Amino acid sequence: GEDVEQSLFLSVREGDSSVINCTYTDSSSTYLYWYKQEPGAGLQLLTYIFSNMDMKQDQRLTVLLNKKDKHLSLRIADTQTGDSAIYFCAESITLGGNTGKLIFGQGTTLQVKP
Amino acid sequence: GAVVSQHPSRVICKSGTSVKIECRSLDFQATTMFWYRQFPKKSLMLMATSNEGSKATYEQGVEKDKFLINHASLTLSTLTVTSAHPEDSSFYICSALLAGSPYEQYFGPGTRLTVT
């Protein structure tokens, strides 16, 4: 079945770049997403990438997609303390059509040290 | 825009009672909403897909008689946890898929359920 894997923890210093990695299994996924979750809150959509793209940049965020290796990464430039949160990678499930169903990774806790 | 609300944000109930959680898309229509459950420090587990005007589709292992889902309008879906037990205590999160969009999915802030 579908599976999404992420490393569980990343610690960086304020001002450094953060790179959060994710691997997925469903090669037919049309969309891949990055969500941010702060403590006690819901998920905030940060960015998404279509499977026919290699890269997407949005201000401090850069998403890289290696479809051959089924590897997705999120780079946060100039990481700030406010970026401390859990980051979830998700892939869309396309079996049976594009239903909007998502499979989430375990989440990567990003700790930003001042 | 694209705001999803959940009510209540927190609820404590006694074992054996039922609890209803509402999920609303405030400024857009959503023909499809999803209900997730999240355990502490764990990922989100999809429970069911809720389609407006039809029966919900439950994921394997989710008891449909225990977790009743109703999607009565294009902006409201409800999840009722029936005969709640302490093991049902969890963080329940809904999401709404923007009507006509295959990828724009927005999440609610979650509901913390504690069953005593």
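Picking from B:66, B:55, B:41, B:14, which residue would you name as being open to solvent by 60 Å² or more (accessible area, probe 1.4 Å) and either under 13 Å from the mean Cα position of the chain (by Cα) or at pLDDT 95 or above (or both)?
Selected residue: B:14, the only one of B:66, B:55, B:41, B:14 that is open to solvent by 60 Å² or more (accessible area, probe 1.4 Å) and either under 13 Å from the mean Cα position of the chain (by Cα) or at pLDDT 95 or above (or both).
Search the range B:27-44 for residues that are within 8 Å of chain A (Cβ to nearest Cβ) and pair each with any residue that is among the acidic types (Asp, Glu) and assigned to a loop (DSSP other than H, G, I, E, B) when their beta-carbon atoms are under 8 Å apart and the residues are at least 6 apart or on different chains.
B:32/B:52
Restricting to the range B:71-95, and then to whatever is farther than 21 Å from residue B:10 by Cβ and surrounded by 15 or more Cβ atoms within 10 Å (Cβ to Cβ), can you tell me which residue is farthest from the chain's Cα centre (by Cα)?
B:74
Every residue, every condition in (1) at pLDDT 95 or above; (2) open to solvent by 30 Å² or more (accessible area, probe 1.4 Å); (3) at positive phi, yes or no:
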{"position": "A:13", "(1), (2), (3)": "yes, yes, no"}
{"position": "A:16", "(1), (2), (3)": "yes, yes, no"}
{"position": "A:22", "(1), (2), (3)": "yes, no, no"}
{"position": "A:39", "(1), (2), (3)": "no, yes, no"}
{"position": "A:60", "(1), (2), (3)": "yes, yes, no"}
{"position": "A:73", "(1), (2), (3)": "yes, no, no"}
{"position": "A:78", "(1), (2), (3)": "yes, yes, yes"}
{"position": "A:105", "(1), (2), (3)": "no, no, no"}
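Does the range A:71-80 contain at least one residue that is within 11 Å of chain B (Cβ to nearest Cβ), outside any strand (DSSP E or B) and among the hydrophobic types (A, V, I, L, M, F, W, C)?
No.
Just the residues that are under 24 Å from residue A:6 (Cβ atoms) and within 12 Å of chain A (Cβ to nearest Cβ), please, taken from the range B:49-77.
Within the range B:49-77, B:49, B:59, B:60 meet the criteria.
The values are calculated or read from the model by the stated rules, or taken from the named source; none is laboratory data. What you see is a predicted model, and the numbers here were worked out from it, not measured in a lab. Glycine also receives a Cβ, built like all others from the backbone with ideal geometry; neighbour counts cover every protein chain displayed. Surface accessibility is based on the protein's heavy atoms, side chains included, excluding ligands, DNA and RNA. Shrake-Rupley method; radii C 1.70, N 1.55, O 1.52, S 1.80 Å.
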